[in-house]
Amino acid sequence: MINPKISRQVEYRSFKDNPGECPGCGGSDLVNEYQTYSVATRKGKKISDSFVISGDFGWFCASCPTIVINKDEVGKMLGYGKSNWNIGSEFTVLGIADLDAIPANKRDLPIGDPNNPLPLIEFTEFSKAKKTPKSDVISKDDHEEQNLDVLQNIEFAIVSAYRRNRDLTDHNVDMALETLVKLYRGRKAFPPQNLLTLEVYEAAQGMCDWRLGETVLEDESDLPADLPLEQVSRDIIVACLNRLRKSVRTWTKQGGRQGYLNYIDQFLP
């Protein structure tokens, strides 16, 4: 299932039937969907008119946050503009226009009015973005490659908490991870007072303690989970927690207050 409300990397291609492989992960599972987009145009170095247009010229990757835009189809749609429109010869698809996010009491105002700014789920130019490996939710260096299972274990605990409570935000995750870093470094750390943050904290702590060999992981039936365990050190747990904090900050910048949570929610079972 495609989630259109996350920030994506965009690449422009010319094609007739199918865009081919995803430029982000190399997969072939690109899904064509009808959406509403914000498009800006330009003539040379001068910005021309911007538009909100709907169409099926976007192909979404089901495995990573990438979208391929059929630039020929967008060009055709812009070619149908009125004679008094200042349409430039170049264009950029800025992102998806999240019309559902417009408050009900402002839907009678023109979109883009100072009192009714367009809610935009922004795209990042693919040439400036880092590609995401299909088999990996987070980028990693050689050290993280060795501990990828620990990272995935902790992220599974986080996303499980998010699926139980969709009010969680990336801020709750970051605060929980920060407290856990203090805890496993042997510093004075108290459980968070914020109930949402506490939910993430307890879920991630349970997974970390299990990887340390200090507790038995239980499934939803309160029975010991039949999972293999390779115990790790506290230093590794701390390194993984810090790495996840970096990932949280990265995806929050790209996707907003739940950018990280929505991103990992796509990839984990």
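Structure notes:
- Packing rank of 201-209, 33-41, 101-109, where each peptide gets the mean count of other beta carbons within 10 Å, highest leading: 201-209, 33-41, 101-109
- Here the spin labels are modelled as points 7 Å beyond Cα on the Cα-Cβ line, and at Ser28 and Asn116 they lie 4.5 nm apart.
- Taking amide hydrogens as placed 1.01 Å from N in the peptide plane, the amide H of Thr124 sits under 5 Å from those of Arg8, Gln9, Val10, each at least 5 positions away in sequence or on another chain.
Each value in this text was obtained by applying a stated rule to the coordinates, not by laboratory testing. Note that the structure is predicted; figures quoted are calculated from it, not measured. Neighbour counts are summed over all protein chains in view; Cβ atoms, including those assigned to glycine, are modelled from backbone coordinates with ideal geometry.
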